[in-house]
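First up is the structure itself, then whatever we jot down about it.
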Amino acid sequence: MECLLEPRPKDVLLGRTSEVFKHPGNCRYRHLITAHLRSYIKCNDRLDKMNLIKSVAQKVLDNGSVRVLRRDKNRKWKECSFRAVYDKVSHALRDGIERTSFPWTIQTSIDS
């Protein structure tokens, strides 16, 4: 018998739908990324960036009973590996650098 997962409010969901974007766990996740963006920018080399990404990925999972979920080919929610969480954090931090404004925060610039 397969255990079906249903997203909880603290969970972080992977995907590109408005349901995923508005999910409370994803809102907290975006704030966590924003809080670490300045540190990521200040990293001197690749190893520093990798260590910061690993630290943030662990914070995502250590935040209470948080899971990171994605839908499988049958549209059922499945828990992601630490590597998938690491990749999500890495991508979010890189994207944050490329933007001059953050549409999902009040902050309008990384220099403010």
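The values are calculated or read from the model by the stated rules, or taken from the named source; none is laboratory data. What you see is a predicted model, and the numbers here were worked out from it, not measured in a lab. Here the Cβ positions follow ideal geometry from the backbone for every residue, glycine too, while neighbour counts run over all protein chains shown. Side chains are part of the model used for accessible areas, which takes the heavy atoms of the whole protein and leaves out ligands, DNA and RNA. Shrake-Rupley method; radii C 1.70, N 1.55, O 1.52, S 1.80 Å.
Does segment 85-98 hold any residues that are more than 16 Å from C27 (Cβ to Cβ) and open to solvent by 20 Å² or more (accessible area, probe 1.4 Å), and which are they?
Within segment 85-98, Y86, D87, H91, R94, D95, I97, E98 qualify.
Report every pair of residues separated by at least 6 positions or lying on different chains whose Cβ atoms are under 6 Å apart, first residue within segment 19-32 and touching a residue at least 24 places away in the same chain (Cβ under 8 Å), second of a type in the set (V, I, T) and open to solvent by less than 40 Å² (accessible area, probe 1.4 Å).
G25/V12; Y29/V12
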